[in-house]
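Below: one structure, written as structure tokens.
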């Protein structure tokens, strides 16, 4: 029996996979390098990237936003937080 999954997760996965096939994983690395120090570890940065909805960006996770081509929005959000802005 197949497990029904969230369509947004499937779409995010497909967009990400297409990006990987086209060598676009550099976007993730840029984001990780910005949030790793704040998160405390690479593992926590990865957890934030995949699981934490960002209210200011439509309650999507950074991973979902990157999959939709919104890397600049995620980086802008991270920069805002780094400068003591509110989430």
Q) If only one of 5, 47 is modelled with pLDDT of 90 or more, surrounded by fewer than 17 Cβ atoms within 10 Å (Cβ to Cβ), out of contact with any strand residue (DSSP E or B) (no Cβ under 8 Å at 6 or more places or on another chain) and over 22 Å from residue 83 (Cβ atoms), which one is it? A) 47
Q. What do you reckon, is residue 69 surrounded by fewer than 16 Cβ atoms within 10 Å (Cβ to Cβ), closer than 25 Å to residue 8 by Cα and modelled with pLDDT under 90?
A. yes
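The values are calculated or read from the model by the stated rules, or taken from the named source; none is laboratory data. None of the values given here were measured: they were computed from a predicted structure. Neighbour counts are summed over all protein chains in view; Cβ atoms, including those assigned to glycine, are modelled from backbone coordinates with ideal geometry.
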